[in-house]
1. Counting only residues that are β-branched (V, I, T), in contact (Cβ under 8 Å) with a residue 40 or more places away in the chain and surrounded by 14 or more Cβ atoms within 10 Å (Cβ to Cβ), give me the helices (runs of 4 or more DSSP H) lying completely in the stretch 15-100 with at least 1 of them.
2. Answer yes if at least one residue in the stretch 132-150 is in contact (Cβ under 8 Å) with a residue 24 or more places away in the chain, among the aromatic types (F, W, Y) and under 30 Å from D52 (Cα atoms), and no otherwise.
3. Please name all residue pairs, on different chains or six or more residues apart, with Cβ atoms under 7 Å, provided the first residue is in the stretch 107-119 and is on the phi > 0 side of the Ramachandran plot and the second residue is part of a loop (DSSP other than H, G, I, E, B).
4. Could you check the stretch 141-201 for helices (runs of 4 or more DSSP H) lying wholly inside it with 2 or more residues that are modelled with pLDDT under 90 and over 28 Å from the mean Cα position of the chain (by Cα)?
5. Any idea how many residues of the stretch 112-129 are surrounded by fewer than 14 Cβ atoms within 10 Å (Cβ to Cβ) and touching a strand residue (DSSP E or B) at 6+ places or on another chain (Cβ under 8 Å)?
6. Go through (1) touching an Asp or Glu at 6+ places or on another chain (Cβ under 6 Å); (2) farther than 27 Å from V83 by Cα; (3) not small (G, A, S) one by one and return the number of the condition E186 breaks.
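The values are calculated or read from the model by the stated rules, or taken from the named source; none is laboratory data. None of these values were measured; they are calculated from a predicted model. Please note: Cβ atoms are built from the backbone with ideal geometry, for glycine as well, and neighbour counts cover all protein chains shown.
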Amino acid sequence: MPSSDNSQISALLSKAGIDPNTADAVMEIDGVMQWWRRRAMKRELGTRALVDLKAGIDLAQFDVLSAIAGDRTDAGGADEVMVSSVAERLNIDPSRASRLVSEMVERGFARRAVSQADARRTIIELTARGAALVEAVRAYKLLIMGEFLSGWDKAELAVFVPMLQRFGNWIDGAGASTEKHAAEIEALAARLAAAKGGELP
């Protein structure tokens, strides 16, 4: 980001009552998050895991297996999974989810079964092979992360983990922040509107 933009943003944050040290930290964190997001979108570690484990499937297919397995942090992860569940968890079209699920069934990573709650309903389950692959990829990622973090001392980990958890929940309070800074946000919207059709001076 150009320094002039940083100066304008610093001034905005200062006017909003955010002290300079916090403002500097916010801009630094934003830069790191943008870099991290670009790396995450490439799914480099997931791709490496599938290649090194000789899984024989791609990331899109693996995502289906993960969706069937359920997110460990998802309270509904243990519920019966249908194609519609996979579509919802992956935020994809139901027809694409159906196609991907069928591929995983044909490859022996998943199977269709009858719901215990409603015999008219078809559910999707991982086979032993599919479950083993999901667990292997997770273990692979934890090995790589564990190797990296093994260079940190106990004091660093004791500070980092709870702080990361705390930071991970910051968006939950974003609604209150937008209300508190309504005037600043309105000014930003006005500036954006003024930029239509040309550059601001």
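1. Correct list: 59-69, 83-90.
2. Yes.
3. G108/T127
4. Working: elements: 154-168, 174-180, 182-194.
In the stretch 141-201, the matching helices (runs of 4 or more DSSP H) lie at 182-194.
5. Residues that pass the stated criteria total 6.
6. (1)
Yes/no per residue for (1) of a type outside the set (D, E, K, R); (2) at pLDDT 95 or above; (3) closer than 22 Å to L53 by Cα:
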{"position": "V101", "(1), (2), (3)": "yes, yes, yes"}
{"position": "E106", "(1), (2), (3)": "no, yes, yes"}
{"position": "Q116", "(1), (2), (3)": "yes, no, no"}
{"position": "I124", "(1), (2), (3)": "yes, yes, no"}
{"position": "R129", "(1), (2), (3)": "no, yes, yes"}
